[in-house]
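Scroll down for the structure; my scribbles are underneath it.
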Amino acid sequence: MNFTPAQLEEIKARHDVVDYAARLVELQKIAGREWAGPCPKCGGTDRLHVHADGWWFCRTCHPKRSDVIGLEMLLTGASFPAACEALGAQLVPPKMERKAPALKAKAWRDSQWQDEAERITNTCALRLETSDGAQGRAYLAERGIDRVTAQRFIIGYSPTSPCWKDNAGTWHDGGPALVLPYLRRTGANLQAIRYRRLNPNEHRYSSLRGSEHTLFGVVQ
């Protein structure tokens, strides 16, 4: 079956790419009109990005932006004509109201996340006081932060930190970093874990996945 340019635009208009992806995987909103989630083809946790403007990409298996027809081709292995025909046979009524995908509860509220964050906080705070934490203590001392203050805010040290991506899009292993826990007075004990890397050639900050930031040192 041959599709005219007008019919192709109709397919794209009537098959919302966010709704299409949300039927396959659980999405989380990461910006005003953008969602992310595991890629239905290669997995991960947030490799797939979809946007309400009609485009999507996968950081691993399809880094180039494409439309809903391209997503159908990726997932089914269909040719372009076959994907168009499959979607063309499933056109939804134009007046159907699009519902935003259900958003997942914030990760830091989960007890499993809390356990992991507490383990990281305690382990790294103890390490800062050992010979392994000398680089972290030296960095703090250069900035006028003594041990009493570091202990008060439970600042820690880790010899590694989360991977980070440079401006060219290349991922790198994270080096040594200070570990900064963000505390809460009520509900969950921790709301975020942030890593402040010490090597000047690395991006300064990364966070434990699932963190939500407030001002450091301000107990919520």
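Residues in segment 7-30 that are hydrophobic (A, V, I, L, M, F, W, C) and assigned to a loop (DSSP other than H, G, I, E, B): L24, V25, L27, I30.
Restricting to segment 59-77, count the residues that are within 18 Å of R33 (Cα to Cα), touching a helix residue (DSSP H, G or I) at 6+ places or on another chain (Cβ under 8 Å) and assigned to a strand (DSSP E or B). Count: 1. A Cβ distance below 8 Å, combined with a sequence gap of six or more or placement on separate chains, defines the contacts here; from segment 144-161, residues that are without any contact (Cβ under 8 Å) to a residue 60 or more places away in the chain reach residues that are exposed (fewer than 12 other Cβ atoms within 10 Å of the Cβ) in the pairs T160/D173. The set of residues in segment 5-37 that are of a type in the set (V, I, T) and closer than 15 Å to H51 by Cα comprises V17, V18, V25, I30.
The residues listed here are A82, A86, A105; of these, the one that is farther than 19 Å from R196 by Cβ, modelled with pLDDT under 85 and part of a loop (DSSP other than H, G, I, E, B) is A105.
Here R23 qualifies as loosely packed, with under 15 Cβ neighbours inside 10 Å and out of contact with any strand residue (DSSP E or B) (no Cβ under 8 Å at 6 or more places or on another chain).
Listed by position, the strands (runs of 3 or more DSSP E) contained in segment 170-220 that have at least 3 residues being surrounded by 12 or more Cβ atoms within 10 Å (Cβ to Cβ) and modelled with pLDDT of 90 or more are 177-183, 190-197.
Inside segment 28-87, residues that are over 22 Å from the mean Cα position of the chain (by Cα) and touching a residue at least 60 places away in the same chain (Cβ under 8 Å) make up a count of 5. In the set (1) exposed (fewer than 10 other Cβ atoms within 10 Å of the Cβ); (2) modelled with pLDDT of 80 or more; (3) not basic (K, R), the condition left unmet by P94 is number (2). Count, please, the residues in segment 124-165 that happen to be surrounded by fewer than 17 Cβ atoms within 10 Å (Cβ to Cβ) and in a loop (DSSP other than H, G, I, E, B). So the count comes out to 10.
The values are calculated or read from the model by the stated rules, or taken from the named source; none is laboratory data. What you are looking at is a predicted structure, and each value in this text was computed from that prediction instead of being measured. Please note: Cβ atoms are built from the backbone with ideal geometry, for glycine as well, and neighbour counts cover all protein chains shown.
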